[in-house]
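Notes to accompany the following structure.
The values are calculated or read from the model by the stated rules, or taken from the named source; none is laboratory data. Because the structure is a prediction, the values reported are computed rather than measured. Here Cβ is always computed from backbone atoms with ideal geometry, including for glycine, and neighbour counts include all displayed protein chains. All accessible areas refer to the heavy atoms of the entire protein, side chains included, with ligands and DNA or RNA removed. Shrake-Rupley method; radii C 1.70, N 1.55, O 1.52, S 1.80 Å.
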Amino acid sequence: WWATNLAFDPADPRTIYVSAATAPGHWLEGGIYRTTDGGRGWKQVLSDKGIQKAVGGDSFDHTMAVAVHPDDPKLVYAGTTLHGLLYSRDRGESWQAYAAFPFAAVTGVTFDPADRTRMIVTTFGGGVWSGPVLPEN
C-alpha cells in the first residue's frame, strides 16, 4: 500500500491517522491506519473489505483522504475513489457510508473554519462539495 494523506487528533498529538491506497491485483492493505503512540505501533481501522461492508459492493478501493473533526476527535472521515465518503463516530472502530454525499471520488476533506458544523470535500471530477459534518436524517 502507499500512504495518501494523514490527520492528527486535535486532542492528542500522539494519535495520527494515515489513509492508504491499494494497487489492483495486489494485497488489499489500503484503508485507514491509526497510531496512538506517536507512530511506534499502527492498527488498521478501515480495510478495503471494511469499505465494502460499509457501502456495499465488492471492488477494492483507493482511500485517498482522512480527516479528524477539529472539535470532536471521535469523528473521523475517510474519502475513497470508488465509494465516496465514509465516517466514524468512534475514532475509526466502526464506519458508515455518508450516503447523502453525491460523488464517488473523494480527494480531500476539511472543515469550514467559520462554521465547523460544515465540511468541505474536494473530488476528482465532481468539483467541491460543502455539507453538514453528519448526514441529516
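Numbers for the structure displayed
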read-out: Probe 1.4 Å, accessible area per residue of the chain, Å²; value: 51
read-out: Integer Hz, Karplus 6.51/-1.76/1.60 couplings in order for segment 113-126, x for Gly and Pro; value: x, 8, 8, 6, 8, 10, 10, 10, 10, 9, 10, 8, x, x
read-out: Alpha-carbon gyration tensor eigenvalues x 5, square-rooted, for segment 1-104, Å; value: 21, 16, 10
read-out: Exposure rank, largest accessible area first [L82, L46; 1.4 Å]; value: L82, L46
read-out: Point-charge dipole on Cβ atoms (K/R +1, D/E -1) for segment 16-137, about Cα centre, debye to 20; value: 200
read-out: Rounded percent of accessible protein surface that carbon and sulfur make up, segment 1-101, 1.4 Å probe; value: 53
read-out: Under 5 Å, built H, 5+ apart or other chain: amide partners of R118; value: D112, V133
read-out: For segment 97-104, Karplus couplings with θ = phi - 60° (6.51, -1.76, 1.60), whole Hz, Gly/Pro x; value: 6, 8, 4, 7, 5, x, 10, 8
